[in-house]
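> Here it is, the structure, as structure tokens.
Only the coordinates and a few stated rules stand behind these numbers; no lab work does. Please read all numbers here as calculations on a predicted model, not as lab measurements. For neighbour counting, all protein chains shown are included, and Cβ atoms are generated from backbone atoms with ideal geometry for every residue, glycine included.
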Amino acid sequence: MAFNTGLSGLRAASVDLDVTGNNIANASTVGFKGSKAQFGDLYASGFLGAGNSPVGDGVRVQDVKQSFSQGNVSFTDSGLDMAISGDGFFILNNGGETRYSRAGQFGIDKDGFVTNNQGMRVQGFTADDNGNLSGIRGDLQIDSDNLAPRRTTNLVSDLNLDSREPVLEVRGTNVQTGQPDPDNQYAAETVRFTQADGSTNVVNIPANSSAADVAGLLGSVENVSASARTTFTFSPAIVDGRAYTVQGESFTASASSTQTPLQSLIDQINNSSLDSVFASDVGGELQLIESQGRDILFQDGSSPAVSQTGALSITLGRDIDPPVDDGSGGTPLFLSTSGTDVSPFVTNEFDPQDQRTYNHATSTTVYDSLGNSHELTQFFVKDPAPGNGVGQSQWSIYVEIDGEMVPDISSGQQPFTATFNQNGSLESVNGDPSGEIFVTGWTPKDPNGDANGADGPPGAGVTEITEPPSSSAFVINLGGTTQFGASFGVNDQKQDGYTTGRLSGLDVSDTGVIFARYTNGQSQSLGQVALASFNNTNGLSPVGDTSWVETFESGQPIFGAPDTGTLGSIQASSVEESNVDLSAELVNLIIAQRNYQANAKTIETSDAVTQTIINLR
């Protein structure tokens, strides 16, 4: 009897030593869960009981139970390492067999699948091409392809326009109207400008002055700028072999297999010494532009020469008080040759190259369908208040992309008109209370000014952006714009387009979503790690490689996303260490050793007693 009791104790102590030794051996194994041997006593008894003083029959190992308590979380330098903080197991696909593990040391194999150190694929919820997560569980795969570009379809501008800004300068364009006088020059004029401080400037324009001469005289006055430009269009067709004279220099139109007479003449003029004269084909007609406003003298063969005078463009600074007159009491600045009064001055003649003609401007980047970037600039010009100016303000908005004005082709309107109420809130843009500008007139171009192959404007009558987008149309949303008595400021400006990008890194969120970071600053979800939990975690069967499999005792797994239900959250760039307490295990090792020695002593003592009985004679 004592032999059996001692032998069972040796067996139990041996198992205890094995369990403790295994715990100590895996003290540094990531995701390992320590075990503990559980013992139960043995009694030999009959059907009707063992009497009043039953003697035990030893001990047996009832179970080796693992402890699934949380292990310490330590940080690593790998972005795909993950630790579960709370309940749950990673789901692994081992060649069709499903395993469960707490070890989150993951990487990427040659096919882009997320795997553990043994090549088992991590299971999760997959995402579509747009990064939308689904409820479909499968092997997580990292797509290393470039991120396709996305065209801009919506630009939100949240701005404040300074209500204290004044209405800007007064500008006059093409101040000479009607036909030129017989000498094709400006008539003599005396022009008086009145400054804001009451002082005056008088300019005497001699008779027969060219537009360039007049511009030079007027531009010398403080707070006045003037320029001149001469445009001449020759309507008859250019004849092959005919000589044409421009500014006294003769050219002969010569057709060839690759050039028309018109194109030949244009090339000769543009390559000549006439640096300030530019020739072009406008609707099949020859157009000449003299950029400095000097008169253009043109002769067709032996026909009489034709002279064209230039037109003036005059800008009056805000310190000039209109009207500008000749000093005799209200006579208009210029008269046409027929003697008709001319009133050429208008407010806010917008010029994107002249900062004096707009109050505010802001730029941002937009993208075409090929992912090419383009600079969009919005200009804001304060207009005179509509009506009597009570309770309402008005601004003009100009939109320019890559230096080219872009109107709404459905209406051809540019500028767009924004109206604000007495509280500084936006009432409407072009009558639309949503504050949206639908820009449909943009043709994306390359740096040379040629169409770059991206989608262009939509067809006529289009009033909304299709899905998926099929044109360059986009919406500028100014609904949050205000007009308060504060400095101009861009509170927020964002658009939904981007260029193509290469994969630059991976991030994992607390909910297990794997985000790809790209070189264009975008990020996109590639999938979400799935977790599993069990009603009876201790019913799982360990199969090595720090993993378990489902058994009848564990029950079926419950799948879900991290940080939902009873499932724990994910800590990225971290791993869960073994939950083995090495100090406690060393103490257990001493206890197991003592138990083994004591049971061995029981057998030794029983042997001595038995030997004594045998030696009786």
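> How far apart, in nm, are the 7 Å Cα→Cβ label points at residue 217 and residue 502?
6.5
> Return the FRET efficiency for the residue pair residue 188, residue 464: r is the Cβ-Cβ distance, R0 is 41 Å, and the value is rounded to the nearest 0.05.
Once the sixth-power term is evaluated, E becomes 0.10.
> Give the peptides 293-306, 567-580 in descending order of average Cβ contacts within 10 Å, highest first. Don't jump to the answer; show the numbers that get you there.
On the way: 293-306: 14.6, 567-580: 20.6.
Sorting 293-306, 567-580 by mean packing, highest first, produces 567-580, 293-306.
> Which aspartates and glutamates, if any, have their Cα less than 13 Å from the Cα of residue 110, not counting same-chain residues under 8 positions apart?
143
> If each DSSP helix of 4+ residues adds -39,500 (n - 2.57) and the sum is divided by the residues in the chain, what number results at 222 nm, nearest 500 deg cm²/dmol?
Calculated at 222 nm, the ellipticity per residue is -4000 deg cm²/dmol.
> Between residue 551 and residue 132, what is the label-to-label distance in nm when each label sits 7 Å out along the Cα-to-Cβ direction?
4.4
> Dipole magnitude of the range 509-588 about its Cα centre, charges +1 at Lys/Arg Cβ and -1 at Asp/Glu Cβ only, in debye to the nearest 20?
Numbers: 1 positive and 9 negative charges, 83 e Å.
Charge dipole of the range 509-588: 400 debye, to the nearest 20.
> Additional query: Counting Lys and Arg as +1 and Asp and Glu as -1, each charge on the Cβ, what is the dipole of the chain about the Cα centre in debye, to the nearest 20?
Result for the chain is approximately 3000 debye, rounded to the nearest 20.
> At R0 = 22 Å, how high is the FRET efficiency between residue 143 and residue 559 if r is their beta carbon distance? Nearest 0.05 is fine.
Working from the Cβ atoms, E equals 0.40.
> Straight-line reach only, C-alpha to C-alpha below 25 angstrom: list the lysines that residue 445 could link to, leaving out same-chain residues fewer than 8 apart.
Excluding near neighbours in sequence, the set is 494.
> At residue 42 and residue 609, where each label point lies 7 Å from the Cα along Cα→Cβ, what is the point-to-point distance in nanometres?
Distance between the two pseudo-spin positions: 1.7 nm.
> Can you tell me how much longer the chain between residue 75 and residue 255 gets when fully stretched, taken as 0.36 nm per residue apart minus their C-alpha distance, in nm with one decimal?
Values: separation 180, 0.36 × 180 = 64.80 nm, distance 7.86 nm.
Full extension of this stretch gives 56.9 nm more.
> Please list 16-22, 237-243 highest first by mean number of surrounding beta-carbon atoms within 10 Å per residue.
Peptide ranking by packing, descending: 16-22, 237-243.
> What is the calculated FRET efficiency for residue 487 to residue 231, with r their C-beta to C-beta distance and R₀ = 51 Å, to the nearest 0.05?
0.80
> To continue, here is another question. Arrange the peptides 592-598, 545-551 so that the one whose residues have, on average, the most other Cβ atoms within 10 Å appears first. Mind dumping the intermediate values first?
Working: 592-598: 15.3, 545-551: 18.0.
Order by mean packing, descending: 545-551, 592-598.
> Would you mind ranking 404, 165, 97 so that the residue whose beta carbon has the fewest other beta carbons within 10 Å leads the list?
Values: 404 14, 165 17, 97 11.
Arranged by neighbour count, lowest to highest, 404, 165, 97 become 97, 404, 165.
> List 587, 246 from most exposed to least, where exposure is judged by having the fewest other Cβ atoms within 10 Å. Show your work: numbers first, answer last.
Numbers: 587 11, 246 23.
Ranked by crowding around the Cβ, least crowded first: 587, 246.
> Only one of the values (1) 82, 79, 45; (2) 186, 148, 38; (3) 164, 66, 40 was calculated from this structure for Cα extents along the principal axes in Å; name its label.
Read-out from the structure maps to (3).
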